[in-house]
Amino acid sequence: MEKKKLINKLTFHQKGVQSMAFSTDGKYLITLGVQGEDALAVWDITTGLVVKSALIRNYATNQVKVDPFVDSSHI
């Protein structure tokens with residue numbers, strides 16, 4: 001933020017992102033696409049690549065939260 005320079009543009013979600021959260025170890029970013037896209041993505045912060053994704057069409061989801069008691073090292 002200090003240099004106000006774009007480092008990486010994350011381009012998985014086509015319609016937008018409604019919620020995001022970082023893993024407790026700070027290595028991953030979890031994003032939830034807007035309603036109608038219904039996609040969840042897990043990003044590797046170092047590479048800027050999606051390491052896992054899922055469609056969640058049958059579930060009413062509007063927010064991503066990370067449980068601080070779950071180990072995210074196995075993602």
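Treating cross-link reach as a plain straight distance, find the lysines whose alpha-carbon is under 21 Å from the alpha-carbon of Lys52, omitting any fewer than eight places away in the same chain.
By straight Cα distance, Lys52 reaches Lys9, Lys15, Lys27, Lys65.
How large is the Rg to Rh ratio of the chain when both quantities use alpha carbon positions and Rh follows Kirkwood?
Using only Cα positions, Rg/Rh for the chain is 0.98.
Return the loop-located trypsin sites (Lys or Arg not before Pro) in the stretch 31-75 (DSSP other than H, G, I, E, B) with at most 12 other Cβ atoms within 10 Å of their own Cβ; answer none if there are none.
Listed in order of number, the matching sites are Arg57, Lys65.
Sequence-distant or interchain residues sharing an amide H contact under 5 Å with Ile45, placed H: which?
Result for Ile45 returns Tyr28, Leu29.
Which chymotrypsin sites (Phe, Trp or Tyr not before Pro) in the chain pass both tests, a DSSP loop state and at most 16 other beta-carbon atoms within 10 Å?
Qualifying residues, ordered by number: Phe12, Tyr59, Phe69.
Could you calculate the FRET efficiency of Glu2 with Asp38 from 1/(1 + (r/R0)^6), where r is the beta carbon distance between them and R0 is 35 Å, rounded to 0.05?
0.45
Contour minus end-to-end for Thr11 and Arg57, with contour as 0.36 nm per residue of separation and end-to-end as the Cα-Cα distance?
Difference between extended and current length: 14.6 nm.
Return Ser23, Ser53 ranked ascending by Cβ neighbour count within 10 Å, so the fewest neighbours appear first.
Ser53, Ser23
Multiply the residue separation of Asp67 and Thr24 by 0.36 nm, subtract the distance between their alpha-carbon atoms, and state the gained length in nm to one decimal.
Gain on stretching Asp67 to Thr24: 14.7 nm.
FYI, it's all coordinate maths here, none of it is from the lab. The model shown is predicted, which means the values in this text are computed figures rather than measured ones. Backbone-built Cβ (ideal geometry, glycine too); neighbour counts: all protein chains shown.
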